[in-house]
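The values are calculated or read from the model by the stated rules, or taken from the named source; none is laboratory data. Keep in mind that this is a model prediction, so the values were computed, not measured. Here the Cβ positions follow ideal geometry from the backbone for every residue, glycine too, while neighbour counts run over all protein chains shown. Areas reflect the complete protein model, heavy atoms only, side chains present, ligands, DNA and RNA absent. Shrake-Rupley method; radii C 1.70, N 1.55, O 1.52, S 1.80 Å.
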Amino acid sequence: MKREEMIQRAKEHFGKLIEEQLERIERMKSQQDFIDYNKLPTIVIGIVGGDGIGPYITSQAQRVLEFLLQDEVKAGKVTFKVIDGLTIENRARHNKAIPDDVLEQLKQCHVILKGPTTTPRAGDPWPNIESANVAMRKELDLFANVRPVKIPQEGINWTFFRENTEGAYAVGNKGIHVNEDLAIDFTITTYEGSYRILKAAFDYARKTGLNRVTVVTKANVVKTTDGKFLEVAREVAKEYPEVEWDDWYIDIMTAKLLDPKRRTQFKVIVLPNLYGDILTDEAAELQGGVGTAGSANIGKRYAMFEAIHGSAPRMVEEGRTQYADPSSIIRAAGMLLEHIGYGDKAKKLDMALDICGTYEKKLVITGRDTGATGAQFADYVMETLSDENLENRWAEYTNLLKD
Ligand code: IPM
Ligand code: MG
């Protein structure tokens, strides 16, 4: 291909991306406010198993949810909808990140609990389709990826607000191979997209009384897009005079999460998509592993809750599926409960998970037949939830840890 032709083709592609984003901005501008779950006659909870260990651990989380919501289900206030078809086989068959009929079913739910899904890359046996996670976040406009990390005995209480629809992920599957030597990807930051995630973080800091927000970018180098994110942060911060805020660059922030003197000062942390992806894995690892953290993907109309680990295909191949740890997805189920207005049940579930997974550990999951199965662990969590003494038991453990 001639050089002019190559450039022309790339320009046209770039033009299309700009058009798509301008349209997206219009959609964001015309969006309604957050849905009010109190006003719904019935809340529909979608259960999506995903791949690998996903269907197994998700069904354990569903059991716990059904246990906690039994009265609401009987009264018709809550209903469950199991959605199959988000498996890698089915996605590959349709050559789509989310097959149309699956997307339609997702849109019939209010909130979704989702197991991990395989994300193909070039060279895999699957077509190199977009990640189902990323597609769902974009399709349902789940712009706030909220990831709490708590290590009480070390004074750590972080809540990450990762922007979930823009940055390097927005058109991550729409870069340009100009020719065999030159590959170009794009990163996108919009005023509307930055404003809504920053506002969500500052709102949370105010609502919880934490009153501290840390904004993370690399605005000294990535001047245009990260620069914009930081500029919008300055604007939003003015609306919250009582909330203290500061800004850090992602490299030093990654280091400071390891600094015991500094890290306890961070509370609410808000950051663009890719930095959020990386920093939240680091934070979860400090808490005890990526398998211990839950993740909420919140939009104005829909919300999706998931484990932050992958689908562990090796466990399935080696016949160890039933030994997979459902803790992370059960944590995510707790976030779902909190989000739809069952904060008390969510709090109890958190306590039960702390007792079963961190403090008492009557059953231990090792991922192999040397430990408990996920179903046994879910039983243990439900047994603990039934204990009238749950709160005292939890308080005892946390006090023990303080001494
Ligand atoms: C996450 C995951 C996803 C991401 C992958 C599976 C596409 O790592 O939820 O953090 O990069 O966002
Ligand atoms: Mg990640």
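Tabulated results
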| item | result |
| --- | --- |
| Label-point separation, Glu231 to Lys361 (7 Å along Cα→Cβ), nm | 5.1 |
| Expected 222 nm ellipticity per residue - DSSP helices of 4 or more, -39500 (n - 2.57), all of the chain, to 500 | -13500 deg cm²/dmol |
| Modelled FRET efficiency - R0 45 Å, Arg93 with Lys39, Cβ distances, 0.05 increments | 0.70 |
| Residue of Val213, Val134, Val111 that the Gaussian network model of the chain assigns the largest fluctuation, springs spanning Cα pairs under 10 Å | Val134 |
| Probe 1.4 Å - accessible area at Met28, Å² to nearest ten | 20 |
| FRET efficiency, Glu20 to Glu104 (Cβ-Cβ, R0 25 Å, nearest 0.05) | 0.70 |
| Directionally averaged projected area (convex hull, Cα atoms, segment 71-179), nm² | 10.9 |
| In degrees, nearest ten, helix 3-29 long axis to first principal axis of the chain (Cα) | 50 |
| Only Lys, Arg (+1) and Asp, Glu (-1) charged, at Cβ; segment 147-291 dipole about Cα centre in debye | 580 |
| Quotient of C-alpha Rg and 2.2 N^0.38 Å, computed over the chain | 1.01 |
| Protein-only accessible surface order, largest first, of Val178, Val364 at 1.4 Å | Val364, Val178 |
| Of Thr79, Thr373, Thr208, the one that fluctuates the most in a GNM where the chain has Cα springs shorter than 10 Å | Thr208 |
| Accessible surface of the chain, 1.4 Å probe, proportion on carbon and sulfur as whole % | 50 |
| Nearest-0.05 FRET efficiency for Glu388 and Ala255, computed from C-beta distance (R0 56 Å) | 0.75 |
| Stretch gain in nm, segment Lys223-Thr264, where the contour uses 0.36 nm per residue and the Cα spacing is subtracted | 11.9 nm |
| Angle between the chain longest axis and helix 390-402 axis [Cα atoms, degrees, rounded to 10] | 70 |
| Distance in nm between pseudo-label sites at Ala183 and Glu242 (7 Å out along the Cβ direction from Cα) | 5.0 |
| Kirkwood Rh in Å, taken over segment 147-291 so that all alpha-carbon pairs contribute | 15.8 |
| Compactness of segment 163-228 - radius of gyration and Dmax, Cα, Å | 15.5, 53 |
| Between helix 374-386 and the chain: long-axis angle, C-alpha atoms, 0 to 90°, nearest 10 | 60 |
| Leu401-Met1 pseudo-label distance in nm [points 7 Å out on the Cα-to-Cβ vector] | 5.5 |
| DSSP bridge orientation in the chain - percent antiparallel, rounded to nearest 5 | 40 |
| For the chain: accessible area per residue (Å², 1.4 Å) | 49 |
